[in-house]
């Protein structure tokens, strides 16, 4: 949080001036020239010598504002600076101070002037409630205007506590829902405005105090408002967040680093954003310079506009029918209240109605002009739509669409293509249609409808659920639990993949051939399909796994165990241990140095990564009477105590003998016969190709080996005519190389 500035005098420490307890009142025409100079403050080319402090979370120039239901900054008809534009109601009386900061619980609005330096105005909303006289949730926030001379000034927002977003007269219930608070500033004529990214988004607004602001400090935002002259100005920003206004003349405005707002106004202006997420306010004569990888930038235009290189987003302002065209990047367009044509060109492009006051109906498959409720709009090469906080109907086309409903109850229709449907809050109806679709479910009233039962066209569909319990409906294959709490997920009659969440889960595959997945776990997991009770997975909570045939691990070093069925175990990244248990299992190691347990002749080991740097050194532990290593697996250990044989492949293999009588065959490559697990001293000779009594490890036949490793005891190891490496290990060993160029390593004995 950003603690409120206190110690300014007055009963609460926020200054001697305050608004009386009220609902929608204000203090008008407060003279600021005595603090900021005779010319007052220059706000984007206009000098103001008075302000109004408004109860509802804002200040305005040129008169007070009693409006209680917030609107977007672009729609403001008053010059406004709003740290939290919403229906503040201070009639509930004093309260207990919210913890952690410097607020006092006065439930009042204060303002203070300090003439030191170039002047400072501080306005504080101290633990204020919401309409109608509610104090069960409180907000504490602050606005400062800090003079910099010549009419220029900094705007500072501080958020100490944010617990409510909406008054009941704005559609809210218990301080939430409805028309959510807005934050930013506006010139009041649509020419220049800015909103915090969280503005109008309930969940984001509630996290203002803990979210790093544009300064990098949680709950703290700073904007520098700098205005030019009527001549040709060369304006230079700072490394901070600047708002630079050129006025008339042909100006050069360079924002440098920081999230800057550049407005050339009249004239042929050259605007250079530099590093940061910059906003350009343009007319037809302006030239924009934005280099690659310098942030996510937006143009605000009252004219038809085509985005230049390296600029991502476009907002159409004013009230004229104008058009917006994108570039090769992934663009987002915001239209005005009139008729617009949006052409995304290349990239994955969105049209956003998030700032609109009424629900919209948009059909991307209709390439003609269509009435959306925000004018008649036309969509060309648009893949995504972002809806409003009202009820929207959004329909996709044959492309891979992303449809986002926002608040309220929305209807989303994906159509053909691999679509992503996110209704947002509210009880939403989501229909995927053809293709492999992804649904986001966060309301128990959300309905997922997947009517295509044909695998070749219906695709493989996934629900990402934030609910406490979710069961897949018809024709949807996969489920991912997104909640970090205790949640449960169940499949249907299809072959489902259910991804566990971070908390404690009960996962039930139900009918079909189902997979429990830990692909999104943040640490290594241990999971056993043979257990039907809660088990501590390590990296993903304590889970109960029911009716699963397959198991997928994480990106870490997992230990996965199957059950009596024919399982498929997939390790993924990391060095994994895969044990299929009974049944004919398929074991897929993936990256890393993996360990496979093979106990059924039908078990299949699949190691597709042939790159040593990522595929690792893999080992099979075999309980079978005979086993031959498959592709890309290096090592073999025979675990049977009876007669068992082991054969390598074309790689450089290490084959560990078992306790019984073995035929070991290294095959191609530079191979090592190993007695590292022998329980007594061994005698072994690579020069013999017939059976030989090893002493500590049965009677073995050694074929096609170049190297030999002994036990922890007193071994006698003999090479052959090749260049051998003999390694004695522990014990007092006798190593005889033979006739080749040999390397003899005695180990720790004498």
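Data overview
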quantity: Enumeration of residues in segment 477-512 that are on the phi > 0 side of the Ramachandran plot and either surrounded by fewer than 17 Cβ atoms within 10 Å (Cβ to Cβ) or in contact with a helix residue (DSSP H, G or I) (Cβ under 7 Å, 6 or more places away or on another chain) (or both); calculated: 512
quantity: Meets criteria (surrounded by 17 or more Cβ atoms within 10 Å (Cβ to Cβ), more than 54 Å from the chain's Cα centre (by Cα) and within 20 Å of residue 670 (Cβ to Cβ)) for residue 707; calculated: no
quantity: Given (1) over 20 Å from residue 301 (Cα atoms); (2) outside any loop (DSSP other than H, G, I, E, B), index of the condition residue 346 fails; calculated: (2)
quantity: Criterion (closer than 13 Å to residue 656 by Cα, part of a loop (DSSP other than H, G, I, E, B), out of contact with any helix residue (DSSP H, G or I) (no Cβ under 6 Å at 6 or more places or on another chain) and assigned by TED's automatic domain parsing to the domain that holds residue 654) met by exactly one of 730, 678, 750; calculated: 678
quantity: Yes/no for residue 653 being surrounded by 18 or more Cβ atoms within 10 Å (Cβ to Cβ), closer than 21 Å to residue 744 by Cα and out of contact with any strand residue (DSSP E or B) (no Cβ under 7 Å at 6 or more places or on another chain); calculated: no
quantity: Which numbered condition residue 115 misses (of (1) more than 21 Å from residue 219 (Cα to Cα); (2) touching a strand residue (DSSP E or B) at 6+ places or on another chain (Cβ under 8 Å); (3) surrounded by fewer than 21 Cβ atoms within 10 Å (Cβ to Cβ)); calculated: (2)
quantity: Of all residues making up segment 184-200, the number that are touching a residue at least 60 places away in the same chain (Cβ under 8 Å) and either over 12 Å from residue 76 (Cα atoms) or in contact with a strand residue (DSSP E or B) (Cβ under 6 Å, 6 or more places away or on another chain) (or both); calculated: 9
quantity: Which numbered condition residue 730 misses (of (1) buried (at least 17 other Cβ atoms within 10 Å of the Cβ); (2) closer than 17 Å to residue 746 by Cα); calculated: (1)
quantity: Within segment 555-593, tally of residues that are touching a helix residue (DSSP H, G or I) at 6+ places or on another chain (Cβ under 9 Å) and buried (at least 19 other Cβ atoms within 10 Å of the Cβ); calculated: 4
quantity: Qualifying residue in segment 213-221 (condition: assigned to a strand (DSSP E or B), under 20 Å from residue 59 (Cα atoms), touching a residue at least 24 places away in the same chain (Cβ under 8 Å) and more than 25 Å from the chain's Cα centre (by Cα)); calculated: no
quantity: Matching option when the condition is farther than 21 Å from residue 643 by Cβ, assigned by TED's automatic domain parsing to the domain that holds residue 750 and in contact with a strand residue (DSSP E or B) (Cβ under 7 Å, 6 or more places away or on another chain), among 672, 701, 694, 683; calculated: 672
quantity: Pair list, Cβ under 9 Å, 6 or more apart: segment 602-616 residue in the same structural domain as residue 631 (by TED's automatic domain parsing), other residue surrounded by fewer than 16 Cβ atoms within 10 Å (Cβ to Cβ) and modelled with pLDDT of 95 or more; calculated: none
quantity: Strands (runs of 3 or more DSSP E) enclosed by segment 424-492 - at least 3 residues per element that are more than 14 Å from residue 405 (Cβ to Cβ) and touching a strand residue (DSSP E or B) at 6+ places or on another chain (Cβ under 6 Å); calculated: 462-465, 469-471, 478-481, 487-490
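Per-residue answers, yes or no, for (1) crowded, with 16+ Cβ neighbours inside 10 Å; (2) within 30 Å of residue 164 (Cα to Cα):
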position	(1), (2)
199	yes, yes
202	yes, yes
214	yes, yes
226	yes, no
239	no, no
243	yes, yes
249	yes, no
271	yes, no
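The values are calculated or read from the model by the stated rules, or taken from the named source; none is laboratory data. Values in this document were obtained by computation on a predicted structure and should not be read as measured data. We place every Cβ from the backbone using ideal geometry, glycine too, and count neighbours over all the protein chains shown.
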